[in-house]
Amino acid sequence: MRGFALAIGIGLLLSAGAGDAAVGHKAGPAARSPASTQALARAITAGHLSTHLEALEAVAERNNGTRAAGTPGYSESVAYVVRQLRAAGLRPRQQTFSFQYFRETRPTVFERVSPGLVRYARNRDFLTMRYSGGGNVTAPVVAVGGSGGCADSDFSGFTLGAIALMRRGGCPFSQKAGIAQAGGASAALIANDGLPGRTAPLSATLFGPGVRIPVLVISSGVGSELTQLAQAGTVRVHLDLSVATTKARAANVIADLPGRQSGVILLGAHLDSVANGPGINDNGSGSATVLEIARQARRLHVRPKHGLRFAFWGAEELGLIGSRSYVQSLSPRQRRGIRGVINLDMVGSPNSDRIVYDGDDGPAGSRRIENAFRAYFAARHLPVEQESLGGSSDHASFADVGIPVGGLFTGADDLKSPASARRFGGSANLPFDACYHKVCDTPANVDVRMLAQMADAAAVVAVRLAN
């Protein structure tokens, strides 16, 4: 999931091997009649889902710890999904798209040069913002007050050429960086806010053109240290970033389970991770869910009135690029054939809430998807929260062209409220997912019980909507 922008409003247990053989089995003989939604839900087990998560983690481990779009780890993730779908008897197709691939061409230097020399460490102390500008800068640090860099007025009287130090919050990272550049900053440092579970630097992306200065996300500890030094006197830091952006290609994976009539319900999830982690909750959890629903629906010969389409998007973390490319490739008739989209992004958070997208803010027909999820959970006496639909995940690509959208979510790195802890369990005043966009987003970071629950819901609701 891109920078979080939403507001709160048993079957055969397979060995957890990393390769696709662990869950690849041939479809059984043809059933006499289509399976019920209950049979489909029973077939989607925590063991199967966990095996997919372990496989995606193994992909990242073989590829420098990442599955980001444009990397071998993403290509291997695509290959895993394709093999699994083919082994189930589906016919996946790959839709390629191009995008601007950002990389650091040599290790970035970030150090305090006065008072005293302190060299900061990547991942522990800082991360380079994707699509940051490059440059070699040594300059004083100025802590930005006011609204924390969200308004032009925050830079009134700012020392031209200084490095702007801001804290996360109030507005998107991209907005802070753009205003800092316009205000005369030679570089920008954006510190995590220091709330529980939100102290380490996290991976983030600059969206939109125009930011040319170096931009780093730094830990809350380094941010506090530099702020105190800047308030007491002069503190100077040295940044040396060498970056390049080149054209690259990646692929979405699409597979169809035909219905008895035209039209489809689309279940989608993004397959890419952020650059600095394996991305297992974000969004191996959603990808594993869509993949397992597809496998079991095909094995059980599910055939609703309208078809089911299973989609795995690339480059979501870079700005919904894969899903937008797919939507743009569709004719008006093909768009009308998508009767609804169920988006699954971060559906196994370890300190989770059970969240359903709010259909009131989506295109006509979105409320039907929300109500179907509400009815499913209500029948099982499971409480839900409601989220206002935003633009932070791939559903937005479809909503923008009027296709009904909905989905499930279990929380990013916002803090769980005491009221939510009472309703859903877990720990209040801690993030839903403290490993959001971090190296620690591994299978250990996923609540597989909640993931299986959300997968069952997605499978049952998708088939009901398709009938």
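Here are a few things to note about the model shown:
- Candidate set from the stretch 331-370 (those that are small (Gly, Ala, Ser) and crowded, with 23+ Cβ neighbours inside 10 Å); member that is nearest to residue 49 (Cα to Cα): 348
- Enumeration of residues in the stretch 446-467 that are closer than 12 Å to residue 408 by Cα and touching a Lys or Arg at 6+ places or on another chain (Cβ under 8 Å): 450, 453, 454
- Matching option when the condition is over 30 Å from the mean Cα position of the chain (by Cα) and either assigned by TED's automatic domain parsing to the domain that holds residue 235 or over 18 Å from residue 203 (Cβ atoms) (or both), among 165, 117: 117
Each row is one residue, and each column tells you yes or no for (1) part of a loop (DSSP other than H, G, I, E, B); (2) closer than 15 Å to residue 191 by Cα; (3) modelled with pLDDT of 95 or more; (4) within 23 Å of the chain's Cα centre (by Cα).
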position: 94; (1), (2), (3), (4): no, no, yes, yes
position: 98; (1), (2), (3), (4): no, no, yes, yes
position: 113; (1), (2), (3), (4): no, no, yes, no
position: 147; (1), (2), (3), (4): yes, yes, yes, no
position: 157; (1), (2), (3), (4): yes, no, no, no
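- The residues listed here are 280, 254; of these, the one that is under 24 Å from the mean Cα position of the chain (by Cα), among the aliphatic types (A, V, I, L, M) and surrounded by fewer than 23 Cβ atoms within 10 Å (Cβ to Cβ) is 254.
- Counting only residues that are exposed (fewer than 14 other Cβ atoms within 10 Å of the Cβ) and in a strand (DSSP E or B), the stretch 210-244 holds 1 of them.
- Residue check for residue 396: within 30 Å of residue 262 (Cα to Cα), of a type in the set (A, V, I, L, M, F, W, C) and modelled with pLDDT of 95 or more: yes
- Filtering the stretch 296-306 to residues that are touching a Gly at 6+ places or on another chain (Cβ under 9 Å) and in a helix (DSSP H, G or I) leaves 296, 298, 299.
- You will find that of 275, 185, 269, the residue that is assigned by TED's automatic domain parsing to the domain that holds residue 121, surrounded by 24 or more Cβ atoms within 10 Å (Cβ to Cβ) and not in a helix (DSSP H, G or I) is 185 and no other.
- For residue 309, the test of being among the charged types (D, E, K, R) and part of a loop (DSSP other than H, G, I, E, B) is failed.
- Residue in the stretch 33-42 that is among the hydrophobic types (A, V, I, L, M, F, W, C), more than 23 Å from the chain's Cα centre (by Cα), over 18 Å from residue 347 (Cβ atoms) and surrounded by fewer than 23 Cβ atoms within 10 Å (Cβ to Cβ) present: yes
The values are calculated or read from the model by the stated rules, or taken from the named source; none is laboratory data. No experiment lies behind these values; they were computed from the predicted model shown. Methodologically, a virtual Cβ is constructed for each residue, glycine included, from the backbone with ideal geometry; neighbour enumeration extends over all protein chains shown.
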